[in-house]
Amino acid sequence: MICPDIRKLGAMKRSSVVHSDPDILGGTPVFAGTRVPVQTLLDYLEGGESIDDLLDGFPSVKREQIVAFLKQAKDCPIAQGSCGSCSTSASTGASRER
């Protein structure tokens, strides 16, 4: 299961990958220079669709942004199942007791 606290990933590096601004979709993390939420990529991948499918549907997103985001996500503690605000372990999909 994907951690709902996607904002932590957006805070890792804001330059050309992910941007969050209260005036753009209420602060939802989007790919920089677009109005495409990062969650859209995660939904596509979780649904079995490819990066190419997303790029076809959202041409404002660049492949380099997706690759950079996924590299950052891979190194993020959330990807290792230690997200402090998520009640689900990313590594096992099991719910944790709070």
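How many of the residues making up region 41-98 are modelled with pLDDT of 90 or more and either outside any helix (DSSP H, G or I) or within 16 Å of the chain's Cα centre (by Cα) (or both)?
27
I need a count of the residues in region 24-38 that are in a helix (DSSP H, G or I) and out of contact with any strand residue (DSSP E or B) (no Cβ under 9 Å at 6 or more places or on another chain).
2
The values are calculated or read from the model by the stated rules, or taken from the named source; none is laboratory data. What you see is a predicted model; the values in this text were computed from it and never measured. When we count neighbours, we look across all protein chains shown, and the Cβ atoms used for this are built from the backbone with ideal geometry, even at glycine.
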